[in-house]
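Heads up: the structure comes next, in structure tokens.
Each reported figure results from applying straightforward, stated rules to the coordinates on display, with no laboratory input. Fair warning: this is a prediction, and the values are worked out from it, not measured in the lab. Here the Cβ is made from the backbone with ideal geometry for all residues, glycine too, and neighbour counts use every protein chain on show.
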Amino acid sequence: MDSLIRSARSADAEQIACVLAECFHPASGLGSLLQPWILASLHNELERRLARQPAYHSCLIALIDDTVVGTVEVAVRPLPEPWWLPSFIHRDRLVYVSNLAVRPSWRRRGIARDLLAESERTAQHWHQADIRLHVMADNAGALQLYRSLGYTIENSEREFPLIGARKHLLCKNLPAVVCGDA
Ligand SMILES: CC(C)(COP(=O)(O)OP(=O)(O)OC[C@H]1O[C@@H](n2cnc3c(N)ncnc32)[C@H](O)[C@@H]1OP(=O)(O)O)[C@@H](O)C(=O)NCCC(=O)NCCS
């Protein structure tokens, strides 16, 4: 069954929050006690972002039978930097993909691939030459997905200096949009 990809609206925030919570903060053991709080804060954050409709920001969703099964955000913004770096340092703005998630029961059907393809088209329509994202080095499935789509490692760093999990910054060059392209 094919999914439909479209831009999210404020009314979708609750379903998107459920997908993000399920994919990035799966409930288990004592952690389940935090689940209502995680859901509420994801929901509030998303609702605010979607209502504001910032320029050069797009939240996409994949729907099957009107149910959100996957999501991704793409925006022109500075790279998210570790909390310990001073915030006054100038950072270039670039196209950055975040929050790519597909519900476990709908995985390996090409939904993430379709969401990324739409994100790349969005970046091209913003006349951007490349697109970037972070992935944890131990997230083998996601790394395989990005590699298969032509993303390459630009650099690798740790969450904290010398310790912590390693993550990669991936980059993909995008062809320029030719006038008249859909
Ligand atoms: C990573 C994730 C978004 C992939 O979603 P998906 O819809 O299953 O991905 P697709 O079906 O589009 O996969 C396309 C290709 O990527 C690769 N791939 C995707 N998931 C994979 C996995 N778990 N193991 C190995 N390869 C994988 C495969 O090459 C796959 O093609 P194939 O199914 O024909 O072999 C999903 O597993 C997820 O939500 N994970 C939790 C959140 C997360 O890690 N997000 C990424 C943060 S950087």
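Working note: Karplus 6.51/-1.76/1.60 with θ = phi - 60° gives the range 39-44 the couplings 4, 5, 6, 4, 4, 4 Hz, where Gly and Pro are set to x.
Here the 3J(HN,Hα) profile of the range 69-80, calculated from phi with Karplus coefficients 6.51, -1.76 and 1.60 at θ = phi - 60°, is 10, x, 7, 7, 10, 9, 7, 8, 6, x, 4, x Hz, Gly and Pro shown as x. On the beta carbon distance between HIS25 and ILE89, with R0 = 22 Å, the FRET formula returns roughly 0.15. The charge dipole of the chain, taken about its Cα centre with unit charges on the Cβ atoms of Lys, Arg (+1), Asp and Glu (-1) only, comes to about 240 debye. Close amide H pairs (under 5 Å, H built 1.01 Å from N) link ALA62 with VAL69, GLY70, THR71, residues at least 5 positions away or on another chain. Note on the chain: with a GNM built from Cα contacts shorter than 10 Å, the maximum mean-square fluctuation among ARG91, ARG121, ARG49 falls on ARG91. Take the alpha-carbon positions of the range 123-171, form their convex hull, and give its projected area averaged over all directions (one quarter of the hull surface) in nm². That works out to 3.8 nm².
Our helix-only sum for the chain, with -39,500 (n - 2.57) per DSSP H run of n ≥ 4 divided by its residues, gives a mean residue ellipticity at 222 nm of -9500 deg cm²/dmol. Eigen-decomposition of the gyration tensor built on the alpha-carbon atoms of the range 1-102 gives equivalent ellipsoid semi-axes of 24, 20, 12 angstrom, largest listed first. The distance from the alpha carbon centre of the range 122-136 to that of the range 1-44 is 24 Å, rounded to a whole number. Under conditions of 4 °C and 1.567 mPa s, the chain yields 74 µm² s⁻¹ as its translational diffusion coefficient, taking Rh as the Kirkwood radius over Cα pairs in the Stokes-Einstein equation. Whole-Hz Karplus values for the range 144-159 come out as 4, 4, 5, 4, 5, 9, x, 7, 10, 6, 8, 7, 10, 8, 9, 4 Hz, taken residue by residue from phi with 6.51 cos²θ - 1.76 cosθ + 1.60 and θ = phi - 60°; glycine and proline positions read x. For the range 1-106, applying the loop criterion from DSSP together with a ceiling of 14 other beta carbons within 10 Å to the chymotrypsin sites (Phe, Trp or Tyr not before Pro) yields TYR56, TRP83, TRP84, PHE88.
Here the range 138-182 is scanned for amide nitrogen atoms under 14 Å from the site 7 Å beyond the Cα of HIS127 along Cα-to-Cβ, giving 176-180.
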